[in-house]
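The values are calculated or read from the model by the stated rules, or taken from the named source; none is laboratory data. In this text the structure is predicted, and so the values were computed from the model without any measurement. Methodologically, a virtual Cβ is constructed for each residue, glycine included, from the backbone with ideal geometry; neighbour enumeration extends over all protein chains shown. The accessibility values were calculated without ligands, DNA or RNA, using every heavy atom of the protein model including side chains. Shrake-Rupley method; radii C 1.70, N 1.55, O 1.52, S 1.80 Å.
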Amino acid sequence: MLDAGLLTDLRAALGESGLITGEQVRERAVDINGVRPRATAMARPRSTEQVAAVLRLCHARRQPVVPLGGRTGLVEGGATTEDELILSTELMNQIERVDAPGRSMRVQAGVILQRAQEEAERHDLMFPLDLGGRGSCTIGGNIATNAGGVRVVRYGMMRGLVLGLEAVLADGTVLCGLNRMLKNNSGYDLKQLFIGSEGTLGVVTRAELKLVARPRSTCTAFIACRDFASLVRLLAVIDSRLSGQLSAFEAMWPEFYQVTTSERAGHAAVLPRDYGMYGLIETLGSDPEADQARLEQALEDALQKDLILDAVIAKSESERRAIWEPRDDPWQVQNQYGLTYNFDVSLPIENMESYLASLRHDVVKGFADARTYAFGHIADGNLHVIVTPGVAGESSRHAVEDAVYQPLRAIGGSISAEHGIGLERRGHLSISRTPEEIATMRALKQALDPRGILNPGKVIA
C-alpha cells in the first residue's frame, strides 16, 4: 500500500480528480488482455509541470512509478504491484499546434494516435504511423515502445517520426527538447534515449511529430501465391515497379487467413482460402487513376510470370476495409482456440521460411495439440507468431518461448520487432543484445534513474 502522506501530497499537487484510488483504479486501468492492475492508486496529471511534481514527490520517497498510456501493450510493460503508483497520461490529451508549412505537430503524450492522424488530415497532411490499435494507443506509448506498424517499409519506425520531445526524469527534472527542425546536429540527440525505453529512463510528456504530404490515392490489393518464395520475389517486383509508392506489404500464412475469415470470425474471404500464401499490398500516391493503373499492370505482369495465382484490387473504401479486416483481427485466434502466446520477432527475410518451418515442428513435438499461426510485415522483416499450446501452465509458456526465441540467436534476429521487452521478454534479452550492450543499458538506467523508481524491473532487471 502507498504511504498516506504521499497520497495527501499528490492530491494537493493534482487536485481531487487528479488522483484516483482503490477499485476505481482496477476498473479504469484494465489492459488489452483484460488484466486488471494490482496498483491501488493512479496519478492523472494534466501538464508537464504536474508530472514533474508527481515525480519529485515519488523520488523523495523512493516510490516506484509505472507510466501508463493506452494500455495496448502485449509484453507486460505496464504491469504493476500493490506498492507501485500508476502515472497515467490520459488527461494529457491536447494537440497544441500544427505547423503546416513546417510539417510538424506538437502533442501531449496522452493524445490517441487516430486523433493525431485525423488532425493532420484536417491540414491536408498525414502522420504516417499506423497500426491496428490506432483508436486506443497513445502517442506517448508509441514513443515509449518505438512503435512500427504497417507503413514501416516506407516511413520507418516511430523513432524516425519524432522531431523532438519533452521528458521528465525520475527526480522531476524536465528535459525540453521540442525541436521542430529536420536538421539539428547540436550535440547529443537526447530524445533517442527515451524512444523505445518503455518509461524506464523518463516519462515522455510532449512530442513534436513529423508530418508528410497527404496522399491523394490509396491503392490496395490482396493476392494469393503458390508459396512464400513466390511472395518474396513479388515484393522485389512490386517495389521496383511502383516508384517508391509501396507503403505496406503484409504476409498471411494460410492457417491465419483461414481463422480470421472463418464463419465465426465474421470477416469475408475476398479470395479462396486454400492457396499456399497470401499478401496484402498497399500504395500511397498522388494520382488516383495513374496509380491504380500502375498497380494493376504490375500485378498483371506478376501473374504472367507465375508469381501470383489470384488477386483482387479494392475499388472502394469499403472493399479496402474488407481486405484489411482479417489482417487486423489476430484476436480471432484467441477467440476460437482459447489460450494463446503472442510474439513479434524480426529476422532476415531469407531465414523466415526455414525459421517458421522449424518452429512449427518444435511446437508440435512439444505439444501435440498445438497450432502455430503467422502473419507480418515481411518487407521490414517483422513476423508475428501466435501459438495455441493446447495446454496451459508456466511450463508450456517457457517451452514455447524457447522454441520461438532461441533460433533467433544464430541468425541475428530480434526477440522484439515492435512491441518492446517489458517483463515478459526480459529474460530473453541476451539473445538479441550482447553483454556489453546490456551493461551499457544498465549504466544509462543508473545515471538517469539512480533510485530505480521508473517502471521498475521492465526491460532490464
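Data table
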{"quantity": "Output for segment 400-428, where each listed residue is more than 15 Å from the chain's Cα centre (by Cα), of a type in the set (Gly, Ala, Ser) and buried (at least 18 other Cβ atoms within 10 Å of the Cβ)", "calculated": "Ala403, Gly413"}
{"quantity": "Residue match in segment 21-42 (condition: among the small types (Gly, Ala, Ser), open to solvent by 20 Å² or more (accessible area, probe 1.4 Å) and more than 22 Å from the chain's Cα centre (by Cα))", "calculated": "yes"}
{"quantity": "Residue match in segment 13-22 (condition: under 29 Å from Gly132 (Cα atoms) and not charged (D, E, K, R))", "calculated": "no"}
{"quantity": "Whichever residue in segment 209-231 is over 30 Å from Glu166 (Cβ atoms) and of a type in the set (Lys, Arg) and, among such residues, is surrounded by the fewest Cβ atoms within 10 Å (Cβ to Cβ)", "calculated": "Arg216"}
{"quantity": "Test set (1) closer than 30 Å to Glu289 by Cα; (2) of a type outside the set (Phe, Trp, Tyr); (3) touching a Leu at 6+ places or on another chain (Cβ under 9 Å) - Ile349 fails condition number", "calculated": "(1)"}
{"quantity": "Any hit, segment 325-347, residues being farther than 21 Å from Leu74 by Cα and either out of contact with any Pro (no Cβ under 8 Å at 6 or more places or on another chain) or of a type in the set (Ser, Thr, Tyr) (or both)", "calculated": "no"}
{"quantity": "Residue in segment 255-265 that is touching a strand residue (DSSP E or B) at 6+ places or on another chain (Cβ under 8 Å) and either acidic (Asp, Glu) or at positive phi (or both) present", "calculated": "yes"}
{"quantity": "Test: residue in segment 297-318 that is in contact with a Ser or Thr (Cβ under 7 Å, 6 or more places away or on another chain), free of Cβ contacts under 8 Å to residues at least 60 places away in the same chain and open to solvent by less than 30 Å² (accessible area, probe 1.4 Å)", "calculated": "no"}
{"quantity": "Condition check for Arg71: free of Cβ contacts under 8 Å to residues at least 12 places away in the same chain, open to solvent by 50 Å² or more (accessible area, probe 1.4 Å) and under 24 Å from the mean Cα position of the chain (by Cα)", "calculated": "no"}
{"quantity": "Top-ranked residue in segment 185-195 [being part of a loop (DSSP other than H, G, I, E, B) and farther than 19 Å from Val212 by Cβ; ranked as least open to solvent (accessible area, probe 1.4 Å)]", "calculated": "Gly187"}
{"quantity": "Segment 448-461, residues that are open to solvent by 70 Å² or more (accessible area, probe 1.4 Å) and without any contact (Cβ under 8 Å) to a residue 60 or more places away in the chain", "calculated": "Ala461"}
{"quantity": "Odd one out for Gly376, checked against (1) within 18 Å of Leu74 (Cβ to Cβ); (2) surrounded by fewer than 18 Cβ atoms within 10 Å (Cβ to Cβ)", "calculated": "(2)"}
{"quantity": "Any chance Arg62 is under 24 Å from the mean Cα position of the chain (by Cα), open to solvent by 30 Å² or more (accessible area, probe 1.4 Å) and not small (Gly, Ala, Ser)", "calculated": "no"}
{"quantity": "Glu353 being in contact with a helix residue (DSSP H, G or I) (Cβ under 8 Å, 6 or more places away or on another chain), acidic (Asp, Glu) and under 21 Å from Val75 (Cα atoms)", "calculated": "no"}
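A quick yes/no check of all residues on (1) part of a helix (DSSP H, G or I); (2) touching a Pro at 6+ places or on another chain (Cβ under 8 Å); (3) over 19 Å from Gly141 (Cα atoms); (4) free of Cβ contacts under 8 Å to residues at least 60 places away in the same chain:
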{"position": "Met1", "(1), (2), (3), (4)": "no, no, yes, no"}
{"position": "Gln24", "(1), (2), (3), (4)": "yes, no, yes, yes"}
{"position": "Gly34", "(1), (2), (3), (4)": "no, no, no, yes"}
{"position": "Pro67", "(1), (2), (3), (4)": "no, no, no, no"}
